[in-house]
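Accompanying notes for the structure given below.
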Amino acid sequence: MNILALDPATTTGWAHSSGVSGVWDLSVRRDESRGMRLIRLNKKLSEIHESVGIDLLAFEAARNAGPKMQGALVVQAELQGIIKLYCETNEIDYIGLSPAEIKKHATNKGNANKEAMVKAARSKFIGIDIIDDNHADALHILDFIQVRYI
């Protein structure tokens, strides 16, 4: 089964069951509409689907945020919409996982901070250069799915 795991954000962490992983920069550049972030994500999904295939897409599905993080939650909701639409259009199964589920799986602590998630990834995924917390989260999401569902 070809599994793609995503930590969707402007800097999106991704990991595929074929062994490839990394981060995608979906930043909106000067003189671009905000919708370019969504177009970039759709293009990246197509590239992965065409190159290594996707049977299941698992992603962090943030559902709430503190008052200072409302803008980030809106961006993540938009990205989740693109993920779901892409999956529905291409007949790909998908599952959203809560941040607490992912953190508990990775560190045994449902409220682990970014540093703890990166540290856990460096300990678990030997031989992979962990780029940042987004990359670490994507690797943990992939591992969660492989351990719990496959």
>> Between the stretch 114-150 and the stretch 18-60, what is the separation of their alpha carbon centroids in Å?
In response: 19 Å
> Counting other Cβ atoms within 10 Å of each Cβ, which GluC sites (Glu not before Pro) in the stretch 22-103 have at most 16 and sit in a DSSP loop?
Replying inline: Glu32, Glu91
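What is the percent carbon and sulfur in the accessible area of the chain, measuring with a 1.4 Å probe over the protein chains and ignoring ligands?
50 percent
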>> How big is the stretch 62-150 along each principal axis, measuring the range of its Cα positions in Å and listing the largest first?
In response: 36, 36, 22
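Hey, any idea what the orientation-averaged projected area of the convex hull of the chain's Cα atoms comes to, in nm²?
Details: hull surface 35.7 nm².
Its Cα hull, projected and averaged over all orientations, spans 8.9 nm².
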> Across the stretch 121-126, in residue order, what do the Karplus-derived ³J(HN,Hα) couplings come to in whole Hz, using 6.51 cos²θ - 1.76 cosθ + 1.60 with θ = phi - 60° and x for Gly and Pro?
Replying inline: 5, 5, 6, 7, 9, 4
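Can you give me the accessible area per residue for the chain, using a 1.4 Å probe, in Å²? Could you put the intermediate results ahead of the total?
Details: 8140 Å² over 150 residues.
Solvent-accessible surface per residue comes out at 54 Å².
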> Once phi is turned into θ = phi - 60°, what whole-Hz ³J(HN,Hα) does the Karplus curve with 6.51, -1.76 and 1.60 give for every residue of the stretch 6-16, x standing for Gly and Pro?
Replying inline: 10, 10, x, 5, 4, 9, 8, x, 9, 8, 10
> Listed highest first by mean packing, meaning other Cβ atoms within 10 Å per residue, what order do 129-135, 33-39 come in?
Replying inline: 129-135, 33-39
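Starting from 0.36 nm per residue, how many nanometres of slack lie between Ile126 and Val28 once their C-alpha separation is accounted for?
Details: separation 98, 0.36 × 98 = 35.28 nm, distance 3.30 nm.
Separation in residues times 0.36 nm, less the Cα-Cα distance, equals 32.0 nm.
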>> Checking the cross-link filter: which aspartates and glutamates have an alpha carbon closer than 18 Å to that of Lys104, excluding same-chain neighbours under 8 positions apart?
In response: Asp7, Glu60, Glu115, Asp133, Asp137, Asp143
> Which of these, Ala116, Ala15, Ala138, has the largest mean-square fluctuation under a Gaussian network model of the chain (Cα springs below 10 Å)?
Replying inline: Ala116
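The values are calculated or read from the model by the stated rules, or taken from the named source; none is laboratory data. Keep in mind that what you see is a predicted model, and the values were worked out from it rather than measured. A quick note on method: Cβ atoms are made from the backbone with ideal geometry, for glycine too, and the neighbour counts reach across all protein chains shown. For the accessible areas, the whole protein counts, side chains as well, though only heavy atoms, and no ligand, DNA or RNA atoms are used. Shrake-Rupley method; radii C 1.70, N 1.55, O 1.52, S 1.80 Å.
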